[in-house]
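> The structure that follows is given in the form of structure tokens.
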Amino acid sequence: MALDQSFVGRTYPPTAAYEVGREKIREFAESLGDTNPVYTDPEAARALGYPDVIAPPTFIFTITFKAAGKQVVEDPQLGLDYSRVVHGDQRFEYTRPVRAGDHLSVTSIIDSIKSLAGNDILSVRGEVHDKAGDHVATSFTTLVARAADAEVEESR
């Protein structure tokens with residue numbers, strides 16, 4: 001069953017602040033195999049003009065996807081069957097890098113809902129702000145809810 005188009009534009013409340021720690025950044029960079037010292041060495045980060053270590057660009061996914069999951073995916077009114085979902089796309093736009101010591105909150109917005117061959121394609125935008133309310137980044141996530149076999153047959 002197709003997702004309700006009236007959810008397009010729905011904005012969910014900002015999440016509680018997530019404190020970005022040096023250790024989380026280091027662990028994330030190591031998991032990527034990225035040895036750039038700006039992610040692990042405060043002096044290297046300061047030499048480049050940052051107040052502390054910064055996070056790899058995809059680090060923001062750890063909080064934006066969690067926010068979308070808790071708010072959008074688990075919204076019972078939306079009716080998304082997460083057992084049928086695959087991750088379709090991800091991209092980020094930054095105002096500034098995420099850095100250790102940030103307290104970040106995410107506001108999730110449903111940008112679009114489309115149906116294609118019985119599949120629902122859900123685009124969610126995550127606006128990330130620091131504790132001062134300044135914009136840090138925007139995450140764009142596309143989820144594809146695969147059609148059940150019967151729905152695919154009906155759409156043909």
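Read the figures in this text as sums done on the coordinates, not as results from a lab. Just so we're clear, the structure is a prediction, and the values are computed from it rather than from any experiment. Cβ coordinates were reconstructed from backbone atoms using ideal geometry, including for glycine residues, and neighbour counts include every protein chain displayed.
> Listed residues TYR12, TYR18; which is within 27 Å of LEU143 (Cβ to Cβ) and either surrounded by fewer than 14 Cβ atoms within 10 Å (Cβ to Cβ) or touching a Ser or Thr at 6+ places or on another chain (Cβ under 6 Å) (or both)?
TYR12
> Output the residue which, of all residues in the stretch 85-115 that are among the charged types (D, E, K, R) and surrounded by fewer than 14 Cβ atoms within 10 Å (Cβ to Cβ), is nearest to VAL20 (Cα to Cα).
ARG96
> Looking at ALA67, is it buried (at least 17 other Cβ atoms within 10 Å of the Cβ) and out of contact with any helix residue (DSSP H, G or I) (no Cβ under 8 Å at 6 or more places or on another chain)?
yes
> Search the stretch 43-59 for residues being part of a helix (DSSP H, G or I), among the hydrophobic types (A, V, I, L, M, F, W, C) and without any contact (Cβ under 8 Å) to a residue 12 or more places away in the chain, and hand back the single one that is surrounded by the most Cβ atoms within 10 Å (Cβ to Cβ).
Filtering the stretch 43-59 down to residues part of a helix (DSSP H, G or I) leaves 43-47, 57-59.
Imposing the further condition that a residue be among the hydrophobic types (A, V, I, L, M, F, W, C) reduces the set to 44-45, 47, 59.
Add one more test, that the residue is without any contact (Cβ under 8 Å) to a residue 12 or more places away in the chain, and what stays is 44, 47.
Numbers: ALA44: 15, ALA47: 11.
The residue in question is ALA44.
> I'd like the full set of residues that are under 30 Å from ALA148 (Cβ atoms) and assigned to a loop (DSSP other than H, G, I, E, B), limited to the stretch 1-42.
Matches in the stretch 1-42: MET1, ALA2, LEU3, ASP4, VAL8, GLY9, ARG10, TYR12.
> Follow-up. Output the residues belonging to the stretch 116-126 that are crowded, with 17+ Cβ neighbours inside 10 Å, without any contact (Cβ under 8 Å) to a residue 40 or more places away in the chain and in contact with a Leu (Cβ under 9 Å, 6 or more places away or on another chain).
SER123
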